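Trainee: This is the structure I want to talk about, given as structure tokens.
The values are calculated or read from the model by the stated rules, or taken from the named source; none is laboratory data. Predicted, not measured: the structure shown is a model, and the values here were computed from it. Positions of Cβ are backbone-derived with ideal geometry, glycine not excepted, and every protein chain shown enters the neighbour counts.
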Amino acid sequence: MFYTDFSMFGLCVNVFGAFAVDTSLFVPYEIFVILQTMKKHLVFNPDRFPIFYGYLIVVMGTLGVWASLPGQTVGVSTFTDPVKDALGLSRDQFSIAYMLGTILSSLLISRAGRWFDRYGARAVAAGAALALALSLFVASVIDHIAGFFQKLLVDHWLVPFVLMVLLFFLFRFAGQGVLTMSSRNVVMKWFERLRGRVNAFSALSVSLGFSLAPVLIDGLITRYSWSGAWVVMGLALLVMTGLVLLTFRDSPEAYGLVPDGKAGRPNGKAIEGKTLRSFEPEEAFRTRAFWMYALILAFNSFFITGFTFHVVSIFESSGLPRADAISIFVPMSVVSVTVSLVFNMISDWVRLKILLYIMIGGSLLAAVGMTGIELGWGLYVLVVGQGISGGMFAVLNAVAWPRLFGRKYIGTISGKAMSMIVFASALAPVLFSFSYTRLGSYTWVAIPALGFLVFMALASLKANNPRLPESAADSGK
């Protein structure tokens, strides 16, 4: 049975859910036999693939995260000025539309996590990619749609405002939320002992891709205009939808395989080499560990979203040119990629709480840097701090959930965390904007951020791994 949902994404999941259920329930027996024969001889059949199929999953999962770019802050921020000007919206109005659309998406992402556990990665990721593609095509003519409704109804800024709320909801839900979550989780389900090391490759690739994104998108806008750039990105998402359907597979066990391609030694040092139970979602949500890891990930999302969304304005208010604002992501990404690569590689052996405190420390540096950005020195501190925090985000957002609570309900558990991450990112643009337009400086937003991070540092002292024995948990594994 299909899950009833009438949203664009729900419709896509319901359609692609057919690829993840028993086909014999829907087609005549003769066609079912033909489909099963075709499936047996497909090139992308995990148990017949020439190498361990998980390695292909790593590549395709990374491409899936790349494909979520139009729904990510770094993919939206470059469009801020041309789109708001085309629609006649102020910076505050555009930021509030972004906030409301993102908040709406955060309310549904937990449900998408349950879809992941129920239908599998292929149906959910394909549905998200298709929904994002269709949203981009609509966005490319949003000025014409707004003009039509303004003539039909009333010539008021609320018309384009409401339309942008709806578009931001689709962008953030399908892109930043569901496509990212499902693409990352499918990789985590194919690996255990090697999880950190394969995530190092994926995170490195994503960081490099996202660091180049503002420059590439700015080039598309310059060449094709903002509307043409969205069309190009939508066409790329259609291609990604097909690739997901061809290659994504939910878990190795479904094809008679084991995670990592072979069983590990029972006495191995990696924490995932041991047999540990998976937590039920409700059980996981009652632990301090879930909330501390989810909150620091949400803070990183809040901070980098606010900074990225207003990066041009932040630099211009400090007397720096637009070109410098776009290029700031390069040194920040160098730090982020280095941190992500190193700590992903060693995360299979390092205590999880150490990784948590490194991320808290990087976030503290970023917040301190924001207080001094107008004085010059803060920019360097901000780059280093946010680079560390962003690098650790790539580590913890992937390895923390299966390591803390197991693989069985990774969709539901990570979906809950993702809803918090998306909700935090929703608040950032408008709070950063109000800090500048109402208080006169972007630095004011950093003061409550510093207080929150001090709270995190203290509250995380008891954020132990609940899957481990008490003695090991007290050591922060």
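Trainee: When the residues of segment 166-199 are narrowed to those that are of a type in the set (Lys, Arg) and within 18 Å of Gly113 (Cβ to Cβ), which ends up farthest from the chain's Cα centre (by Cα)?
Mentor: Lys189
Trainee: Okay, moving on. Mind checking whether some residue in segment 442-449 is surrounded by fewer than 16 Cβ atoms within 10 Å (Cβ to Cβ) and within 30 Å of Val311 (Cα to Cα)?
Mentor: Yes, segment 442-449 has at least one match.
Trainee: Among all residue pairs at least 6 apart or on different chains, which show Cβ distances below 9 Å where the first residue, located in segment 181-192, is more than 24 Å from Ser106 (Cβ to Cβ) and the second is assigned to a helix (DSSP H, G or I) and of a type in the set (S, T, N, Q)?
Mentor: Phe191/Asn199
Trainee: Name the residues in segment 122-172 that are among the small types (Gly, Ala, Ser) and either at positive phi or surrounded by fewer than 19 Cβ atoms within 10 Å (Cβ to Cβ) (or both), would you?
Mentor: Selection gives Gly147 alone.
Trainee: Can I ask one more? Given the structure, is Val58 modelled with pLDDT under 90 and touching a helix residue (DSSP H, G or I) at 6+ places or on another chain (Cβ under 6 Å)?
Mentor: Answer is no for this residue.
Yes/no matrix, rows are residues, columns are (1) of a type in the set (Phe, Trp, Tyr); (2) in contact with a strand residue (DSSP E or B) (Cβ under 9 Å, 6 or more places away or on another chain); (3) at pLDDT 85 or above:
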residue	(1), (2), (3)
Leu379	no, no, no
Leu382	no, no, yes
Gly391	no, no, yes
Arg438	no, no, no
Ala449	no, no, yes
Phe452	yes, no, yes
Ala459	no, no, yes
Asp474	no, no, no
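Trainee: Shifting gears a bit: Yes or no: Leu458 of a type outside the set (S, T, N, Q), surrounded by fewer than 20 Cβ atoms within 10 Å (Cβ to Cβ) and touching a helix residue (DSSP H, G or I) at 6+ places or on another chain (Cβ under 8 Å)?
Mentor: no
Trainee: Still on this model: Which condition does Leu107 not pass, out of (1) surrounded by fewer than 19 Cβ atoms within 10 Å (Cβ to Cβ); (2) over 29 Å from Tyr409 (Cβ atoms), if it passes all the others?
Mentor: Tallying (1) surrounded by fewer than 19 Cβ atoms within 10 Å (Cβ to Cβ); (2) over 29 Å from Tyr409 (Cβ atoms), Leu107 fails exactly one: (2).
Trainee: When you go through Val124, Val141, Val206 one by one, which is the residue that is within 29 Å of Tyr224 (Cβ to Cβ) and modelled with pLDDT of 90 or more?
Mentor: Details: Val124 fails: within 29 Å of Tyr224 (Cβ to Cβ); Val206 fails: modelled with pLDDT of 90 or more.
Answer to the check: Val141.
Trainee: For Met164, all conditions in the list (1) part of a helix (DSSP H, G or I); (2) within 26 Å of Ser414 (Cα to Cα) hold save one; what is the number of the exception?
Mentor: (2)
Trainee: Looking at segment 364-395, which of the residues that are under 18 Å from Val342 (Cα atoms) and of a type in the set (Gly, Ala, Ser) is farthest from the chain's Cα centre (by Cα)?
Mentor: So, considering only residues that are under 18 Å from Val342 (Cα atoms) and of a type in the set (Gly, Ala, Ser), the one farthest from the chain's Cα centre (by Cα) is Gly385.
Trainee: Of these, Leu158, Leu204, Leu152, Leu208, which one is farther than 29 Å from Leu107 by Cβ and without any contact (Cβ under 8 Å) to a residue 60 or more places away in the chain?
Mentor: Values: Leu158 fails: farther than 29 Å from Leu107 by Cβ; Leu204 fails: without any contact (Cβ under 8 Å) to a residue 60 or more places away in the chain; Leu208 fails: without any contact (Cβ under 8 Å) to a residue 60 or more places away in the chain.
Residue meeting the stated conditions: Leu152.
Trainee: State all residues of segment 59-89 that are outside any helix (DSSP H, G or I) and either without any contact (Cβ under 8 Å) to a residue 24 or more places away in the chain or on the phi < 0 side of the Ramachandran plot (or both); if no residue qualifies, say none.
Mentor: Passing the criteria: Ser68, Gln72, Leu89.
Matching residues to (1) among the hydrophobic types (A, V, I, L, M, F, W, C); (2) in contact with a Gly (Cβ under 6 Å, 6 or more places away or on another chain):
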residue: Leu132; (1), (2): yes, yes
residue: Ile142; (1), (2): yes, no
residue: Phe149; (1), (2): yes, no
residue: Leu152; (1), (2): yes, no
residue: Asp155; (1), (2): no, no
residue: Phe161; (1), (2): yes, no
residue: Val178; (1), (2): yes, no
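Trainee: Which of the following residues is more than 26 Å from Ala123 (Cβ to Cβ) and modelled with pLDDT of 90 or more: Gly196, Gly242, Gly228, Gly234? Write out each step before concluding.
Mentor: Numbers: Gly196 fails: modelled with pLDDT of 90 or more; Gly242 fails: more than 26 Å from Ala123 (Cβ to Cβ); Gly234 fails: more than 26 Å from Ala123 (Cβ to Cβ).
Exactly one of Gly196, Gly242, Gly228, Gly234 is more than 26 Å from Ala123 (Cβ to Cβ) and modelled with pLDDT of 90 or more, namely Gly228.
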